[in-house]
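Have a look at the structure below before the remarks.
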Amino acid sequence: MSQLLEWSPLIVFFVAFKVLDIYWATAALMIACVLLLVVNRVRTGKFKTIHIITAAVVLVLGTATLLLHDKRFIQWKPTVLLALTSVAFLGSLGIGKQPLARRMLEAVFDEPLKISTRTWLLINSVWVVWFALLAVANIYVARNFAESVWVNFKVFGISVATMIFLIPQVLWLSGKTTQVPPTPTPAPAPAPAPAPSRTQRLRERLESRFAPAQLDVEDESHLHEGHAGAAGGQSHFRIRIVSESFRGMPSVARHRLVYAAVDDLLKTDIHALAIEALPPD
């Protein structure tokens, strides 16, 4: 149902175009985008940023199309949205803790991906170029081909091209998942268990406090050799935790909750802690 709702404006536009014309299809698209915004608000209690941006672009360009009776305005809609997406991916290279491509692709896998930071930056840059090319391709098709060809490109071509672009990346990344090693057979007379490592203590503290649906703990101490704190034996960690405990809380409050849970470890074992704390949705 959620996927059908997401695709509903595009479906409405395509059907209206086939039955009537581009101007009726534009009006139908404007109504469908607003309805999607309202329906998602009723279902989830909040607005999605992508719905707000899409509705705003469609309403502005759609109004110009209908008032001036000029289809070129609505034909710019995919180009504008694709260009904004390209800019968002480009901005994530310097804003935020992770590039958008990493956040999006890591969510596909249950296991952590063994990918270097430089590789993620390269993948994200490829996505920047991809969306920019699609933006240019849309306006090229709109200007040089028949109206029906452009509609088919908008509805089917962009989606199919993106899937073809995405699938090889997912297949490649699937070979980069970190496999959990098999549990060794215990020796006949095992030695006393060693004290838990810092990573284990941090993980156990977070699991007992938040009962997370997902928890990734990454020791990045090797990246900070020679820095303050590392020289004194303390560690640098990056965690990504998904828990019901964070639902309805702003980002700052989530981070404070995590810091409070590991306060004593921060005084003894941890020099720096990078946090990504999210609710399940």
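Among the residues making up the range 31-52, those that are open to solvent by 70 Å² or more (accessible area, probe 1.4 Å) and aliphatic (A, V, I, L, M) are ILE31, LEU35, VAL38, VAL42, ILE50, ILE52. Would it be correct to say that THR79 is free of Cβ contacts under 8 Å to residues at least 40 places away in the same chain and not charged (D, E, K, R)? Considered against the rule, which asks whether it is free of Cβ contacts under 8 Å to residues at least 40 places away in the same chain and not charged (D, E, K, R), THR79 comes out as no.
Say we look at the range 263-281 and pick out the residues that are open to solvent by less than 40 Å² (accessible area, probe 1.4 Å) and either among the acidic types (Asp, Glu) or touching an Asp or Glu at 6+ places or on another chain (Cβ under 9 Å) (or both); which of these is modelled with the lowest pLDDT? Within the range 263-281, the match that is modelled with the lowest pLDDT is ASP269.
Residue under question is LEU81, and the condition is that it be open to solvent by less than 60 Å² (accessible area, probe 1.4 Å) and in a helix (DSSP H, G or I); does it hold? Judged against the criteria, LEU81 is a match.
When the range 67-78 is limited to residues that are crowded, with 16+ Cβ neighbours inside 10 Å and part of a helix (DSSP H, G or I), the one that is farthest from the chain's Cα centre (by Cα) turns out to be PHE73. Residues in the range 220-237 include none that are over 16 Å from LEU273 (Cα atoms), among the aromatic types (Phe, Trp, Tyr), modelled with pLDDT under 85 and open to solvent by less than 60 Å² (accessible area, probe 1.4 Å).
Selection of the range 75-131 for residues being closer than 30 Å to ILE22 by Cβ and charged (D, E, K, R) yields only LYS77.
Of the residues SER148, SER159, SER125, only one is over 30 Å from ILE115 (Cα atoms) and either of a type in the set (Ser, Thr, Tyr) or not in a helix (DSSP H, G or I) (or both); which? Step through it out loud before you land on a result.
Numbers: SER159 fails: over 30 Å from ILE115 (Cα atoms); SER125 fails: over 30 Å from ILE115 (Cα atoms).
It is SER148.
Identify the single condition in (1) open to solvent by 60 Å² or more (accessible area, probe 1.4 Å); (2) in a helix (DSSP H, G or I); (3) within 21 Å of ILE167 (Cα to Cα) that ASP110 does not satisfy, given that it satisfies every other one. Looking at each condition in turn, ASP110 falls short on (2). Here is a check on your reading of the model: is VAL129 modelled with pLDDT of 85 or more, closer than 27 Å to LEU29 by Cβ, out of contact with any Asp or Glu (no Cβ under 6 Å at 6 or more places or on another chain) and not charged (D, E, K, R)? Judged against the criteria, VAL129 is not a match.
Where residues in the range 162-190 are assigned to a loop (DSSP other than H, G, I, E, B) and open to solvent by less than 80 Å² (accessible area, probe 1.4 Å), which of them is modelled with the highest pLDDT? Within the range 162-190, the match that is modelled with the highest pLDDT is GLY175. Of all residues in the range 1-30, those that are part of a helix (DSSP H, G or I), loosely packed, with under 15 Cβ neighbours inside 10 Å and free of Cβ contacts under 8 Å to residues at least 24 places away in the same chain total 9. Looking only at the range 84-94, which residues are outside any helix (DSSP H, G or I) and small (Gly, Ala, Ser)? Of everything in the range 84-94, those that are outside any helix (DSSP H, G or I) and small (Gly, Ala, Ser) turn out to be SER92, GLY94.
Being open to solvent by 70 Å² or more (accessible area, probe 1.4 Å) and among the small types (Gly, Ala, Ser): is that true of ALA132 here? Here the answer is no, as ALA132 does not meet what is asked.
The values are calculated or read from the model by the stated rules, or taken from the named source; none is laboratory data. In this text the structure is predicted, and so the values were computed from the model without any measurement. All Cβ positions, glycine included, derive from the backbone under ideal geometry; neighbour counts span all protein chains shown. Just the protein is used for accessible areas: all its heavy atoms, side chains included, with ligands, DNA and RNA removed. Shrake-Rupley method; radii C 1.70, N 1.55, O 1.52, S 1.80 Å.
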